[in-house]
Amino acid sequence: MVVKRSIRRYFELMKLYAQMDLGWLLRDTLFAVLALSADVVGTVSSISGLFLLSWRLGGIGEWQREHILFMLGFATLVSGLFQLFFTGNNTGHFSRRIGRGQVEHMWIQPLSFPMQLMTEGFLPFTASGNVISGTLITVIAIQRLSIDVSFAWALQFVGLLLLSLVTVVAISYLVSALAFYSPVQAEEISTYVLDSLRHLRNFPLNAMPKSLQVTLLSVIPAGMIAWYPTTLLLNTSQPSWRMSIPLIYSAVLSMLALTAIRKGLRYYVQTGIHRYLVHGHRR
Amino acid sequence: MQMSYMGRTNDGYLYILPRILVKLLYLLPMLVLWKVLAKQGANLPWTLSQLLSYTYVQTLFADLLVVQTEASSWNYEGKLVSYFTRPYGVLRQLVAQTMGSWIPMLLFFALPMYLLSPLIGINVIPSTFWFFPSLFLCVMLGFAIDFIFVCVTIHLRGMAWLGYVIRMSIAALFSGSVIPFSIMPIFLIPFLQIQPFGSLAGAPLSFLVGQAEPFRVIGLQVFWNMVLWPIAIGWFRKSQETMVSYGG
């Protein structure tokens, strides 16, 4: 019964945030469109360098330019989903909220922390730019690679996409926990880390030495965001156990993030964060 | 400058470590990528040694090659307003503050890496003296472009992140800071070289590896400085009247 009520409340809140986002789009169309375009420009720019290089050279390592385009499309879609669900109110950049002392605002809401964080970031209209551009890039790559899109393949694609999203969110929250201990220095840590991942995830790791592959698939999860899922999707004859790796990886990372945030919150309730000056500006 | 340097290290030098790690994480795959491409016999216009030097020095001096002041985010946060209360020009304060903020990374990342470069077989000695005036012009132009983006942010009613995203996206692709222009698709090269961002990172780094014509590249850098500085100063003077700050 409680679960059912929570699910219903979740969708009610998502609807509410969607309405507010639409309200902004209609009220301040110019700025909303600018924000939408900026996201697209940002992501397209981050993938353009490597794509233009592979275009000039015909490919990188074993991968042709179309394989790289598919991976970059997948990466753009991951970014797009992250922005769609976790842009609003910095829910995807939690270190900002911690560092700015804004977690205190969350205590007075009549909602649980997870419910607030899962719903507040939803911007289905103004943050949809990368979902659209990522979909376009992926469709072009699928056509050029002549991939036979079956129901099972599509399901696999969506599943891997969601697991990549979980990985990105988990890593953001894991590093954000540092802001509980050092609010000023670590306020932007999630931005630094996600920006680095955005750069690193675009590398076709099959061209890289094994040691770098292992590092970027374990300690630094850049390869798990786009490259590894792409290898699974482009080479369907791989053993089925390999499909479970993204699932296990994202689950372990989520558990680590949850533990770090819980521990940080315990520290936070004892010390607090005092960053606001009397006239409202931040220290 | 000293205050800015101290601001970056107040919580201890340990807090510089994440930035250093991020730089290394950026550098390593890029270096490996060039090696892989050279190994696979890709038809590159530059030698492997030149590509490694280009990427290595770009990472070491990234802050100087594409200048970014804190002004846009400070406008949003309300900090910029306090700069108007000091008996010193706002733009001059921003220049000093930004240069001070470079010092920790130059001391604790660029310098050790520079000294380490011979051990890993990367040449960081500029091929030509023109590298130095080109770097100076690049830094100057970087400030002018940054101030123009500050004005954009002011007119975007404090949407600092929007200005930041647009500006960093343009800089990443059009400054030559990630991939040298010469390795881009051939039809794009003339455009990339001539546009204002092309006089940032790509210009001094091309001199570093001995792949730039001094007259054309320095000429373009001087031209863009002469065009963009008056725009930056004039527009900032006008924009500061419309500055609104609530604190973020």
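The values are calculated or read from the model by the stated rules, or taken from the named source; none is laboratory data. The model shown is predicted, which means the values in this text are computed figures rather than measured ones. Every residue, glycine as well, gets a Cβ built from its backbone with ideal geometry; the counts of neighbours run over all protein chains shown. Ligands, DNA and RNA are stripped out before the accessible areas are found, and what is left, the full protein with its side chains, is counted by its heavy atoms. Shrake-Rupley method; radii C 1.70, N 1.55, O 1.52, S 1.80 Å.
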Helices (runs of 4 or more DSSP H) (entirely within the range A:179-264) containing at least 2 residues that are in contact with a Pro (Cβ under 8 Å, 6 or more places away or on another chain) and more than 11 Å from chain B (Cβ to nearest Cβ): A:227-234
Candidates A:Phe122, A:Phe151, A:Phe157, filtered to the one that is away from chain B (no Cβ under 14 Å) and touching a Gly at 6+ places or on another chain (Cβ under 7 Å): A:Phe122
Spans of helices (runs of 4 or more DSSP H) in the range B:56-151 with at least 1 residues within 30 Å of A:Arg96 (Cα to Cα): B:62-65, B:71-77, B:79-83, B:90-105
Given (1) more than 14 Å from chain A (Cβ to nearest Cβ); (2) closer than 18 Å to B:Ile145 by Cβ; (3) touching a residue at least 12 places away in the same chain (Cβ under 8 Å), index of the condition B:Ala201 fails: (1)
Residue that is most open to solvent (accessible area, probe 1.4 Å) [pool: residues in the range A:94-114 that are touching a residue at least 24 places away in the same chain (Cβ under 8 Å) and within 18 Å of the chain's Cα centre (by Cα)]: A:Arg96
Unmet requirement for B:Gly234, which otherwise passes all of (1) within 14 Å of another protein chain (Cβ to nearest Cβ); (2) farther than 22 Å from A:Leu53 by Cα; (3) surrounded by fewer than 19 Cβ atoms within 10 Å (Cβ to Cβ); (4) not aliphatic (A, V, I, L, M): (1)
The range A:40-53, residues that are touching a residue at least 40 places away in the same chain (Cβ under 8 Å), more than 7 Å from chain B (Cβ to nearest Cβ) and open to solvent by less than 50 Å² (accessible area, probe 1.4 Å): A:Val40, A:Thr43, A:Ile47, A:Leu50
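Among the residues that make up the range A:97-115, is at least one of them hydroxyl-bearing (Ser, Thr, Tyr), more than 19 Å from A:Gly223 (Cβ to Cβ) and modelled with pLDDT under 90? Lay out the reasoning, then the answer.
First pass over the range A:97-115, keeping only residues hydroxyl-bearing (Ser, Thr, Tyr): A:112.
Checking the rest, the ones that are also more than 19 Å from A:Gly223 (Cβ to Cβ) come to A:112.
So of that shortlist, the ones also modelled with pLDDT under 90 come out as none.
No, every residue in the range A:97-115 fails to be hydroxyl-bearing (Ser, Thr, Tyr), more than 19 Å from A:Gly223 (Cβ to Cβ) and modelled with pLDDT under 90.
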Helices (runs of 4 or more DSSP H) completely within the range B:159-248 that count 3 or more residues being at pLDDT 85 or above: B:189-194, B:202-208, B:214-239
